[in-house]
Amino acid sequence: MLQNYTAKYTKIDSGYMGQLIEWPEVVTEGKDIEECRQMLRDALNEMVLAYQQQKMEIPIGNCLIEQVPVEVESVC
């Protein structure tokens, strides 16, 4: 069964950090966005295998994320 997860990418000093919204334990870093995406896919596959081996319930994906704009006068 194919399950979709929502990835969040954050720019950090060393490149990018990637994390799954529905499964926050799946987190990794890469020097650029493409490397981070690949590493996040690898981390997800490894986590699925680990959960299956331990007979743990795998979190359900298909989260909906949207951005909510707000106007601010200055950023601290």
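Where a number appears in this text, it was derived from the coordinates with a stated rule and is not lab data. Here the structure is a predicted model, which is why all the values come from computation and not from measurement. As a convention, Cβ positions derive from the backbone with ideal geometry for all residues, glycine included, and neighbour counts pool all protein chains shown.
Here's how it looks for Glu22: its modeled amide H is under 5 Å from those of Thr6, which are all 5 or more places away or on a different chain. Summing charges over all other residues whose Cβ lies under 15 Å from the Cβ of Glu57, with Lys and Arg as +1 and Asp and Glu as -1, gives -1. Given the alternatives [x] 15.0, 51; [y] 16.1, 56; [z] 11.4, 39, Rg and Dmax of the Cα atoms in Å as computed for this entry is given by [x]. Of all lysines in the structure, those lying under 16 Å Cα to Cα from Lys31, and not within fewer than 8 positions of it along the same chain, are Lys8, Lys11.
Computed from backbone phi with θ = phi - 60° and the Karplus coefficients 6.51, -1.76 and 1.60, the 3J(HN,Hα) list for segment 63-70 is 6, 9, 10, 9, 8, 10, x, 8 Hz; x is used for glycine and proline.
Between Glu35 and Gln67, the modelled label-to-label distance comes to 2.5 nm, taking each label 7 Å out from Cα in the direction of the beta carbon. For the residues Ile60, Ile21, Ile33, a GNM of the chain with alpha-carbon springs under 10 Å puts the largest fluctuation on Ile60.
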